[in-house]
Structure formats: structure tokens, C-alpha cells
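Here the structure is laid out as C-alpha cells; the discussion comes afterwards.
Values quoted throughout were computed directly from the atomic coordinates according to the rules given, and no laboratory measurement underlies them. Remember, predicted model here, so these are calculated numbers, not experimental data. Every residue, glycine among them, receives a Cβ derived from its backbone with ideal geometry; neighbour counts consider all protein chains shown.
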Amino acid sequence: MLITGGSGQLGLSLADAARKRGMEFVTVSRPAFDFDTAGTIDACVKAIQPWLVINAAAYTAVDAAERNSEAADRANHAGPARLAEICAAAEIPLIHVSTDYVFDGEKGAPYLETDPTHPTGVYGASKRAGELAVLASGARAVILRTAWVYSAHGKNFARTMLGAARKSNTVRVVMDQKGTPTAAPDLAEAILDIAALLGIGWKPNYRGIFHATSSGETTWHGFAAAIFAAAEPAGLNPPELIGIRTDEWPTPTKRPADSRLDCSKLAATFGVKLPDWQDSVAPIVRQLLALDGVR
């Protein structure tokens, strides 16, 4: 397997999970594999000759994308489009990771894969363009939309909250945005479960878009509360957690108010269901604290 974005949260989790399963894989990241340099895409696939590509590389800085739209487009649209074209030509299955930010959050219920998309920012728009391009390539593509990804590596909400707790006795967190925190290790296991099925053989119903988040739902405020509760046994004094409205924390990008995703199609097609989001908070928090990775 070829895993792109090997230095990111999901890429590292995929490598760790694949290693534990005894699966053969190669991870690539910049500069050897760089969506900003189209030639590296062709070169990596040609050199490695994988039977499967898992694309975990992306531009994920949501707010920065507003002022770096061309970079976001290269990483989330043009680059994946080229990767999909290569996979289509070589008949290599492709698992491509997308996002809940393709929706505007106005539905008021968990989104189905068939619901109309309406991204509210550059990041979401670039990811939606990437989805369409991957499908248009004709590749044997499994597109997984996920949400609120966090792990013991890289920049993420859990690390930010632990860092804030060490700096202040009070932390203000938005409480009117709904979604589902998804631990990168859980998503990685789900992806490798799908990969195992693809290794047995391709089926036409595998192609398309699927929603893949942890089970359950919460708000950013609820997620923060769970993080602080998990950190307290390790000696971190929990701060006072103050709930605020979205309009009290303005950001360059408008976030979806309710980006919950219905993952029943994933379960029906692949027999894959991620665990409840609450089950994974404590293990990730313990890893973050043990690594002293909070900032």
C-alpha cells in the first residue's frame, strides 16, 4: 500500500495500525511526495507500484486557506485529481479522505452522502472540488468524509485545549456547533478494514462517497469537557470551561453549525463502524500528556 501524507495525523496512525497488522506499506510525504510539485505524484506511484493508494495528504488549515486559496486547491483538488488519474490508468484502487466541511451545517440533522453540498469557505470548497475530480477520473475510488480529527500528533483541538488549560484558569469554547470528534487511530483502523476488503477484490458498490466518523455526537464545548475530564487523573487541573456562541469567537471561515454525518452507508457496504467518540478521548489525552506534546 502507498500511504500519502505520511507525516500527518492520519498518515502516522495508518502506518502504526498497518505495522501492527503486519501489512506491507510505504508512506510518503513532502518533499518526496508533494501536491505542489505535480511530478512527484507520478514519480512516487511509478517507483512504488502499489496495489492500493490511501491519500491522507491534504491542506487542512481551515482559516489559512482563506488567504492561501491556490495552495489549498493544489493540495485538496488538483493534486488528488492527478493522483486519481494515475490510479485510474493503472487500475489501482484509491481511498481518498475528505471532510464534513463540504456541508454548510444548515440541515439540522445528520448528513447523508446524497445531500447537496454547500461549503462555506475555501477549505471546504477545495475538498469538494477534489471529491468531484476523483470521481470524474473514473478511478476505483472510495471517498471517506470524516470530521473533527485529532490524535497525539500534530495540531488538533485536543492538543490546543490541553495547552490552554496549562496557561489559564478559564477556557472559552464554542458550544453551538455540533459534530463528532474522530480519533485518527480509529479512522485508520476503519480505513485498513476497507483496504482488507479491497485486497480480496473490487466490487462496483465500493465506488463513491461514504461518511466515516466516530459514533455519537457532541459540541466543541462538550469535546473540551471530555478532554479536561480525561486529563484530570493525570494531574492537570481542569480550568473553568465557559460556553460561548460562534459569533463570540469570529474566525475567517464560517464553520458549519451542525456537521454531523450519517455513517450507515459505510456500515452497510463495508461492515465498518467506528467506536463511540467518547471511548477514544482518554487514550489520546494520555498519549498527549505522556509525550508532553501540549503547547
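Taking the average, over residues, of other Cβ atoms within 10 Å as the packing measure, peptides 34-42, 197-205, 97-105, 221-229 rank 97-105, 221-229, 34-42, 197-205 from highest down. Among the listed pairs 107/167; 155/265; 155/254; 178/273; 127/265, which are separated by more than 27 Å between their Cα atoms? Pairs exceeding 27 Å: 107/167; 155/265. Spatial offset of the stretch 216-283 relative to the stretch 115-149 amounts to 22 Å, using the alpha carbon center of each. Computed over neighbours whose Cβ is under 14 Å from that of residue 149, the net charge equals +1, Lys and Arg +1, Asp and Glu -1. Spin-label model, residue 32/residue 155: points 7 Å from Cα along the beta carbon direction are separated by 2.5 nm.
Annotation: the antiparallel percentage among DSSP beta bridges lying fully within the stretch 142-295 is about 15. Quick one: among 127, 46, 254, which has the greatest mean-square fluctuation in a GNM of the chain with alpha-carbon springs under 10 angstrom? Residue with maximal mean-square fluctuation among 127, 46, 254: 46. With 0.36 nm allotted per residue and the present C-alpha distance subtracted, the residue 215-residue 23 stretch has 66.5 nm of extension available. Ranked by the mean number of other Cβ atoms within 10 Å of their residues, highest first, the peptides 59-66, 117-124, 5-12 come out as 5-12, 117-124, 59-66.
Work out, step by step, the length gained on full extension between residue 232 and residue 205: first 0.36 nm times the residue separation, then minus their alpha carbon distance; give nm to one decimal.
Here the segment from residue 232 to residue 205 would lengthen by 5.2 nm.
Bridges between two residues of the chain, per DSSP, are antiparallel at a rate of about 5%. Most mobile of 79, 154, 130 per a Gaussian network model of the chain (Cα springs, under 10 Å)? Ranking 79, 154, 130 by mean-square fluctuation puts 154 first. Cβ-Cβ distance of residue 279 and residue 132, R₀ of 25 Å, FRET efficiency by 1/(1 + (r/R0)^6): the value works out to about 0.15.
Given their separation in residues at 0.36 nm each and the Cα-Cα distance between them, residue 287 and residue 115 gain 58.2 nm when the chain is fully extended. In the neighborhood of residue 276, defined by Cβ-to-Cβ distances under 12 Å, what is the net charge if each Lys or Arg adds +1 and each Asp or Glu adds -1? That sum, taken over residues with Cβ under 12 Å, equals -2.
About its Cα centre, the dipole of the chain is roughly 380 debye, where the only charges are +1 on Lys and Arg Cβ and -1 on Asp and Glu Cβ. Take the Cα of residue 196, step 7 Å toward its Cβ, do the same at residue 69, and the gap between the two points is 4.4 nm. Note on the chain: helix-only mean residue ellipticity at 222 nm, from DSSP H runs of 4+ residues weighted -39500 (n - 2.57) and normalised by residue number, equals -12000 deg cm²/dmol.
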